[in-house]
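Structure record follows, encoded as structure tokens.
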């Protein structure tokens, strides 16, 4: 989910006020404020327990898959495109209808941001697993793991469960927080919803199993592209904020450089390596997914993860969340200002119709 520096659906002069020279001055705060407000709403209320939009999207995507499935890349690409359009179009419509009404646009952005980000739920589930490990309740810890990742927990001991939780917190700090915020800064509500749709599709069908090897190819590649920049930003933020958990930024950056590209995912490795370096732990190892065993390379040169490191990872993830919200808000405001000061003659026709 290529980056475009303008948000779709903006009409010329939307949300702007006239200046004395006849040109217009942008009201750049609605999207920026909405991203911050949505992050605050998630921190306070977490995910809704019923009627979650992402869950509803998942059910709709699964229903469409049942109707259109064929083991080909073309059919998978059709499925991905239809699902992405279905998710992004209502958000784009909300953005379009709120043009020229800054408070309404802020509210629309905040609502979509809240519905697609998941920092609070990620932290809650990870801390519950940490509590089970601290209580020496291995069965409860294993039962908690599927809420964080898709690996088989049945044969995992305390160290592997802690490793799995830290890896999930690291990867989902990008997928559920940094990436949607960054795309929201670039494309407004449509970017928020569109990214979350692409990431959810990847989780559903972007596998290497016989059923999805070809059908899920488009969803997997779409998510790889959309998550590339956010994953690297997540790594940089985690490294910069390493002192929050007693780590050193230099050590985290060296871990990204040494181990980030070793992961099978072109993006997850950067996040996990950054967290490993910041926490001083070793990630990677043998994982089992739906009966298929995968040997992942080692990430980091530290000790094995423990329950205490899960809590430290959550603390680092929270710091990354607020830093990402600040970066996204600043980027959204800067893009609005850049569009507003640029003369129409300097913009391409495609950009002019969005400005």
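Taken together, the values in this text are just the output of simple stated rules run on the coordinates, not laboratory data. Nothing here was measured: the structure is a model prediction, and the numbers come from that model. Note that we place each Cβ from the backbone using ideal geometry, even for glycine, and neighbour counts take in every protein chain shown.
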(request) Order these peptides, 174-187, 294-307, 82-95, by their mean beta-carbon neighbour count within 10 angstrom, highest first. (result) 174-187, 82-95, 294-307
(request) Starting from the Cα of residue 337, step 7 Å along the direction of its Cβ; do the same at residue 49; then give the gap between the two resulting points in nm. (result) 4.4 nm
(request) Please state, as a whole number in µm²/s, the translational diffusion coefficient that the Stokes-Einstein equation yields for region 233-277 at 37 °C and 0.692 mPa s, with Rh defined as the Kirkwood radius across alpha carbon pairs. (result) 336 µm²/s
(request) Please pull out the direction-averaged projected area of region 151-295, using the convex hull of its alpha-carbon atoms, in nm² to one decimal place. (result) 8.9 nm²
(request) Determine, for each peptide in 207-214, 223-230, 314-321, the mean count of other beta carbons within 10 angstrom over its residues, then list the peptides with the highest first. (result) 314-321, 223-230, 207-214
(message) For a protection proxy built on the mean count of beta-carbon atoms within 10 angstrom, sort 236-245, 115-124 highest first, please.
(response) 115-124, 236-245
(request) Using R₀ = 35 Å, calculate the FRET efficiency as 1/(1 + (r/R₀)^6) where r is the Cβ-Cβ separation of residue 62 and residue 159; round to 0.05. (result) 0.55
(message) Sort 57, 45, 275, 215 by Cβ crowding within 10 Å, fewest neighbours at the top.
(response) 45, 57, 215, 275
(request) Specify the inter-centroid distance of region 305-336 and region 230-296, based on alpha-carbon positions, in whole Å. (result) 15 Å
(message) No solvent, one uniform scatterer per C-alpha: report log10 I(q)/I(0) for region 38-110 via the Debye equation at q = 0.12, 0.14, 0.15, 0.26 1/Å, two decimals.
(response) -0.49, -0.63, -0.70, -1.13
(request) Find the relative contact order for region 109-223 and round it to a whole percent, using C-alpha pairs within less than 8 Å whose residues are 6+ positions apart. (result) 24 percent
(request) Would you mind pulling out the separation of the Cα centroids of region 36-60 and region 62-81, in Å? (result) 26 Å
(request) Quickly estimate the mean residue ellipticity at 222 nm for the chain, helices only: each DSSP H run with n ≥ 4 gives -39500 (n - 2.57), and the total goes over all residues, rounded to 500. (result) -21000 deg cm²/dmol
(request) Only residues of region 309-332 count here: report those whose backbone N is under 17 Å from the spot 7 Å along Cα→Cβ of residue 147, or say none. (result) 310-311, 314-315
(request) Using label points projected 7 Å from each Cα along Cα→Cβ, tell me how many nm separate residue 211 and residue 136, to one decimal. (result) 4.1 nm
(request) Using only the alpha-carbon atoms of the chain, report the extent along each of the three principal axes, biggest first, to the nearest angstrom. (result) 68, 49, 37
(request) Apply 1/(1 + (r/R0)^6) to the Cβ-Cβ distance of residue 89 and residue 257, taking R0 = 51 Å, and write down the FRET efficiency to the nearest 0.05. (result) 0.80
